[in-house]
Every structure is written in structure tokens, then in C-alpha cells.
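The values are calculated or read from the model by the stated rules, or taken from the named source; none is laboratory data. Only a predicted model underlies this, so the values are computations on that prediction, with no experimental measurement involved. Reconstructed Cβ throughout: ideal geometry from the backbone, glycine too, with neighbour counts over all protein chains shown.
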Amino acid sequence: MIDIHKLYLLKKFSKKIILISCIFLVLVMIINLIEEANFLKESNTSFSTPILLTFLNAPSLLYEMFPFIFLISTQFFYIEIYENREIDTLKQFGVDNFSMLRFISFTSFFFGVLIISLFYNFSSTLKNQYLKIKNDFAGDKKYLAVITKNGIWIKDNSSEGSIIINSDKIQNNFLINTSITHFDKNFDIKKNIIAKKIDIKSKNWKLFDVIVTEVENVSKKYDRYSLKSNFDLEKISNLFSDLTSLTYFELLKLEKDYKSIGYSIDEIKIQKHRIYSFPILLCIMTIIASIIMVYNKFKKNLLLNLFIGIFFSVLIYYLGNFSNLLGENGRLPLILSVWFPIVILIFSSIIGIIKINEE
């Protein structure tokens, strides 16, 4: 059975997290609403559309803010505990600085598990709907690419009609074993192209070992053949880059599909490890905020303590971006680029944790 003082701390800490989360949610929605309204200003749509897009995108944006929400929530938690002198009462129950830190950090870890189990999947589902609606207003909405267990499928458009492309897999910058069907504007087949290999580095595709079949069933073979497309390797890769719009189970399915066609699963691995590391990151942010507040003991200006917290939030944000950059440049293994900032933060916090009871 949980102790009364622990239940009290849990309730107080939870209230702070909910309050700060609500504040951040309102701020995120206001900023996002302005961005969506600006994006749709050229389109012929009602004001309800940017509002809908904002509501669909806000949970995903809030998820990204949770590490900083937990840091600031922890600071306000300590502010209330010290200002109301509740810390003196808690010490009578044997609650010292270290035991309080241990309790709220474990609480943060538990909340992190709940967030990735429930909130993440909820926010990614809404994000998926957000991207579908927003794609209707994008300039290149007529183009589509998907990856399934049957390979990669691309719907392209030309001035003469539509093009459906199906390829077994992507290997480096090549499509392997590809079938390309041209349709006119009435969706009647004009010709079919089969190529063993296609270089898609640029939008001027270079086809190798090609068989072209016209409407009259006349086939011709070519060693090389050229085709102009609206897609290149970069654009195809970007179409699958927003993995935050997929639930964890959809990520697993997509990983299986990628493997079946030889497409790189590095981005999926990174996204999965970001999910795995999320509860640990929330725990570390809580520890950092606790160290800041306990060491200062409000001997300095209260606003200065909050400024220090915000400064650390920004520092950690850029540390994460720097680590991701090292991963993209090959200076760090991709998975290590996710965990490297967390390992740095853990070692940076150990010194403060060791001496926290001396304060």
C-alpha cells in the first residue's frame, strides 16, 4: 500500500504536469493555427479547415514538447513545496532530497511509459489524418507513392495521362524489376514498359534492359531507355520520412514491408529507439530540474531558476539535433545518435545526484 505522503506527492506532481501540459497545448494550438491559416490563405476553404488541422496536429506537437514540460513541471513542483514549507513536513516522514528525487523520477518514467503506450499512438493516428487532409491542399497532391509487401507503387502524372509504376525493391539509387504502365486521360492503356533496373537519382530516369510494349502488342527491346518523371530518389524517400504519423504497430508493419523490398529501415529503427528512450528522457529531465531547484534553494531569484531550466531545455534540444546530425553524416552509428544525448545527460546528472542530500 502506497504511503500517504507518496500519494500526496504523486497528486501534486501530476497536477503540475497536467497544468503545464495544458498551457503548452494552448500555446502550440495558437502558433499552429496561425501557420495553418497562412498555409491555406491561397486556397478556397473555410476557416474551419485550419482549426481542424490544428486540432489534429496539436497532440503530435505536444508529444515533442513533453521532455521540456516535465522539466518545467518539476521546477514548479519544487517551488510550491519550498514556498509552502511543505518540505519541512515531508522531512518528518523521512523524505529527504534524494528520496523525493527518486520518487518523482520514477513517477516520470511511469508517465513516460503511459505516454508512449497510449498518447503516442493516439497522436500519431490524428497526425496521419492531418497529413491526409493537408495533402489535398498541397501543390503535388496528384502524385502518390506507397510501399507494401508487394513492392513499391508509384502513381505519377504526365501531360498525356497517368503512369502507374510497380517495382520489386529499391537498391541504392535503383528501382529493381520494374513495370511501368502508361494510361491516357480516359485511363485506357497506351503502353507498358518493363525494366530490370532504373536509375532514379534524378527526375530523368535511366532505364536498363528494357522491353516496351505498345497498344498494338508490338514489343521492342532497348539496352537503355529514358523516362521523365516527377519523382526522384530524394522525393520518394521524403514521402516515407514522417514516421510520427504511424502508430508503433504500423511502424513494425512498415519495417517488414521495407525489408521485403530491400528498402532502408534506418529511419524506422531510429524512430523505434526514440520511442524506447522516451520514458528515460522524461526521467532525466525530471532529475535535471530537481538538481537545479534543490541546489539553488531559492537563494537566487525565482525567475532565474526558471530561466536556468529553459536554458537547459534549449541546450538539450540542440544536443539532440547535433547528435542526429552526426548520425546522418556517418560520424555516429544511427542508433547511437539517438542514445548518445541521453547517455551524456545521465553522466552529467550523476554528480548532482551523489551530492544532492548535502544540500
Q. Any chance the range 119-128 includes a residue that's of a type in the set (Gly, Ala, Ser) and assigned to a loop (DSSP other than H, G, I, E, B)?
A. no
Q: Out of Ile17, Ile51, Ile23, report the one residue that is surrounded by 15 or more Cβ atoms within 10 Å (Cβ to Cβ), of a type outside the set (D, E, K, R) and assigned by TED's automatic domain parsing to the domain that holds Phe103.
A: Ile17
Q: May I ask you to list pairs of residues, at least six apart or on different chains, whose Cβ atoms are under 6 Å apart, with the first in the range 330-345 being assigned by TED's automatic domain parsing to the domain that holds Lys272 and the second being assigned to a helix (DSSP H, G or I) and among the charged types (D, E, K, R)?
A: Leu334/Asp266; Val338/Arg274
Q: Please indicate, with yes or no, whether at least one residue in the range 161-175 is touching a His at 6+ places or on another chain (Cβ under 7 Å) and not aromatic (Phe, Trp, Tyr).
A: yes
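Here are some residues: Ile34, Ile51, Ile18, Ile30. Which one is touching a helix residue (DSSP H, G or I) at 6+ places or on another chain (Cβ under 8 Å), assigned to a helix (DSSP H, G or I) and of a type outside the set (S, T, N, Q)? So that I can check it myself, show each step before the final result.
Numbers: Ile34 fails: touching a helix residue (DSSP H, G or I) at 6+ places or on another chain (Cβ under 8 Å); Ile18 fails: touching a helix residue (DSSP H, G or I) at 6+ places or on another chain (Cβ under 8 Å); Ile30 fails: touching a helix residue (DSSP H, G or I) at 6+ places or on another chain (Cβ under 8 Å).
It is Ile51.
Please go through the range 189-205 and give me each residue that is among the polar types (S, T, N, Q) and not in a loop (DSSP other than H, G, I, E, B), ordered by number.
Within the range 189-205, the subset among the polar types (S, T, N, Q) is 192, 202, 204.
Asn192, Asn204, listed by residue number.
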Q) Looking at Leu304, Leu325, Leu334, Leu345, which one is surrounded by 15 or more Cβ atoms within 10 Å (Cβ to Cβ), out of contact with any Pro (no Cβ under 7 Å at 6 or more places or on another chain) and at pLDDT below 80? A) Leu334
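Let's see how each residue does on (1) part of a strand (DSSP E or B); (2) over 39 Å from the mean Cα position of the chain (by Cα); (3) over 17 Å from Leu233 (Cβ atoms):
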position: Ile165; (1), (2), (3): yes, no, no
position: Ile180; (1), (2), (3): yes, no, no
position: Asp209; (1), (2), (3): yes, yes, yes
position: Thr213; (1), (2), (3): yes, yes, yes
position: Asn217; (1), (2), (3): no, yes, yes
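Considering Lys221, Lys235, Lys299, which residue is surrounded by fewer than 17 Cβ atoms within 10 Å (Cβ to Cβ), at pLDDT below 85 and either in a helix (DSSP H, G or I) or touching a strand residue (DSSP E or B) at 6+ places or on another chain (Cβ under 6 Å) (or both)?
Working: Lys221 fails: at pLDDT below 85; Lys299 fails: either in a helix (DSSP H, G or I) or touching a strand residue (DSSP E or B) at 6+ places or on another chain (Cβ under 6 Å) (or both).
Checking each option against the conditions leaves just Lys235.
Quick test for you: out of Lys132, Lys91, Lys127, pick the one residue that is modelled with pLDDT under 80 and either surrounded by 14 or more Cβ atoms within 10 Å (Cβ to Cβ) or over 26 Å from Gly352 (Cβ atoms) (or both).
Details: Lys91 fails: either surrounded by 14 or more Cβ atoms within 10 Å (Cβ to Cβ) or over 26 Å from Gly352 (Cβ atoms) (or both); Lys127 fails: modelled with pLDDT under 80.
Just one listed residue meets the conditions, Lys132.
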Q: For the range 348-355, indicate whether the set of residues that are modelled with pLDDT of 70 or more, assigned to a helix (DSSP H, G or I), within 15 Å of Met285 (Cα to Cα) and within 21 Å of the chain's Cα centre (by Cα) is non-empty.
A: no
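The rows are residues; the columns are (1) surrounded by 14 or more Cβ atoms within 10 Å (Cβ to Cβ); (2) free of Cβ contacts under 8 Å to residues at least 40 places away in the same chain; (3) under 20 Å from Phe312 (Cβ atoms).
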{"residue": "Phe13", "(1), (2), (3)": "yes, no, yes"}
{"residue": "Phe47", "(1), (2), (3)": "no, yes, no"}
{"residue": "Pro59", "(1), (2), (3)": "yes, no, no"}
{"residue": "Met65", "(1), (2), (3)": "yes, no, yes"}
{"residue": "Phe98", "(1), (2), (3)": "yes, no, no"}
{"residue": "Phe106", "(1), (2), (3)": "no, no, no"}
{"residue": "Ser117", "(1), (2), (3)": "no, yes, no"}
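Would you point out the residue of the range 152-186, among those that are among the small types (Gly, Ala, Ser) and modelled with pLDDT of 75 or more, that is nearest to Leu251 (Cα to Cα)? Don't jump to the end; show me each part of the working.
Narrowing the range 152-186 to residues among the small types (Gly, Ala, Ser): 158-159, 161-162, 167, 179.
Next cut, modelled with pLDDT of 75 or more only: 161-162, 167, 179.
On the way: Gly161: 34, Ser162: 30, Ser167: 21, Ser179: 27 Å.
If we take residues in the range 152-186 being among the small types (Gly, Ala, Ser) and modelled with pLDDT of 75 or more, then Ser167 is nearest to Leu251 (Cα to Cα).
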